[in-house]
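Worksheet for the structure shown next.
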Amino acid sequence: MDRVDLSIDDIPTRWYNVLPDLPRLPEKYIDNSTGAPVTREYLERLMVRAMAGQESSLERWVTIPEQVRDAYRMWRPTPLIRAVALERELRTPAQIWFKYEASSPTGSHKLNSAIAQAYFAKRDGHRRLVTDTGAGQWGSALALACRLMDLDLLVFMVRASYHQKPYRRHLMETYGAEVRPSPGGATRFGRRLLGESPDHPGSEATAVSEAIECVHDDAGSRLAVGAFTNFCLLHHSVIGLETRRQLESIGRSPDYLIASVGCGSNLGGLALPFLEDKLNGADITILAAEPEACAPLTHGEYRLDFADSEGRAPGVHTYTLGHDFVPPPIHAGGLRYHGCAPLVGLIRREGLLDAVAYPQTEVFKAGAEFARLQGYLPAPETAHAIRAVIEVADECKRTGRDATIVFSYSGHGLLDLPAYGRYNAGLLRDVEAEDFVAPRLEGIAV
Ligand SMILES: *Cc1c(COP(=O)(O)O)cnc(C)c1O
């Protein structure tokens, strides 16, 4: 058996909330203007009302609204596929399985939460969502979700990607979203940054600051968040819940759960539904794969920090490289963020999560090898997980361990081909000059 499919009726009916099962609760968010924990009122002004509620809810199982489950039917349940050719190539006794989240219409796991956030925004009477996006994976997922739920969307896209990686911007605009570069002229903060440095490349952290400014200026708008928050990890629990069922149907349980981490939403989605087993003594290793150039779990410290560059977003306790850290240009745009989700930081802090970091050239080598062996071309983010899988499978070969390795195939790399092109031509470096993140496209107005 090298592929396990569930039927459409097996789409989970409830999301799993890990909060009540954690050894301790995450620290409260801090309102930076008062230094005190944020109030419900503060959160409801910033976010969709239902999201503010889900963020701190201790309800273990949350019913998935029928309209959200209907939308999930576009691509869920996703298959669990065995990487037989990779196992053979590595001559490992371990079994390697991947949960294929790239089959969503926009090509990554991000749609799981995008649909939920757009649904609740509409239900709670908000007119528009405002959000930030790096290379555009989150923005394109949310653009589709807002189209499906009939909502307006404004996206602040990291300026370097806006100009140099226009494909996902075109996708967002095709779905009907308004996309602006960050920093840009749309906000006071953006104008100030551009005034100080006209060539500012932008970052997720500048884009969040601009998005929050827009939300404050417009009562009908709320912030949508692509990762980071507890509710986002809640929505992604469908990944792990399906995986659990798929593994049970073939009589296996996971020894390793591996995912790339930008903020931790695909890792949390895959692994948190198994956390209780681990806390009850199951020998499960949860492993986060990060880019060496931006690795908060591996190289950062656990402390209070801002989620954006200006300090307008709530203060949070997590692993961070500092809110003013501007990640060097690497092709895995989805992993260029200074901090990780507080829940992921917490489980690392509690010793329940391992982390490893790899330089970009090793990551692309792993991604290209996977494509040659298995046919699927992974997103550069996903290739981080694959690099870690190869290391674990090699270790199993040394120890003769017949382990079950499961990793999150978070997205496809078909819009990242310029980066693979550089890799194939031998031009890729561990940290690239900003201009090389993607070549400018001749003839396309950007
Ligand atoms: C956004 C993204 C990631 C990283 O984000 P997480 O919040 O850590 O999951 C990983 N892979 C893909 C394909 C992405 O789009």
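Overview of values
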read-out	value
Cβ-Cβ FRET estimate between Val431 and Leu304, R0 fixed at 22 Å, reported to 0.05	0.20
Two-site label geometry, Asp283 and Val84: point separation in nm, points 7 Å out along Cα→Cβ	2.8
At least 27 Å along the helix axis (C-alpha) and Kyte average at least -0.5, DSSP helices within the chain	380-399
Student exercise, the stretch 83-237 dipole from Lys, Arg, Asp, Glu Cβ charges, in Debye to nearest 20	220
Too-long pairs where the Cα-Cα distance tops 28 Å, listed order kept, from Lys28/Lys165; Lys110/Lys365; Lys165/Lys397	Lys28/Lys165; Lys165/Lys397
Share of carbon and sulfur in the accessible heavy-atom surface of the stretch 268-344 [1.4 Å probe, %]	48
Cα Rg, Dmax (largest Cα-Cα span) when computed across the stretch 175-264, Å	19.4, 60
Percent breakdown of C-alpha pair distances by 10 Å bin, ordered from the shortest bin, for the stretch 186-231	24, 47, 25, 3
Solvent-accessible heavy-atom area per residue, rounded to whole Å², over the chain at 1.4 Å	37
Residues Asp402 and Arg45, FRET efficiency given R0 of 41 Å [Cβ-Cβ distance, rounded to 0.05]	0.15
Shape box of the stretch 1-160 [Cα atoms, principal axes, largest first, Å]	58, 39, 39
Convex hull of the chain built on C-alpha atoms - directionally averaged projected area, nm²	19.6
Accessible surface of Ser57 - all protein chains present, 1.4 Å probe, nearest 10 Å²	30
J(HN,Hα) series, the stretch 278-287, from Karplus relation 6.51 cos²θ - 1.76 cosθ + 1.60, nearest Hz, glycine and proline x	5, 5, 8, x, 5, 8, 10, 9, 9, 10
Gain upon complete extension [Glu59, Arg14; 0.36 nm per residue less C-alpha separation]	15.1 nm
Under-5 Å amide H pairs with Met47, H placed in peptide plane, nonlocal only	Leu223
For the stretch 132-195 and the stretch 277-325, distance of Cα centres in Å	25
Accessible area of the stretch 5-109 belonging to carbon and sulfur atoms, whole % at 1.4 Å probe	48
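The values are calculated or read from the model by the stated rules, or taken from the named source; none is laboratory data. All values reported here derive from a predicted model rather than from experimental measurement. Cβ sites come from the backbone with ideal geometry, for glycine too, and all protein chains shown count toward neighbours. These accessible areas exclude ligands, DNA and RNA; they are computed on the full protein's heavy atoms, side chains included. Shrake-Rupley method; radii C 1.70, N 1.55, O 1.52, S 1.80 Å.
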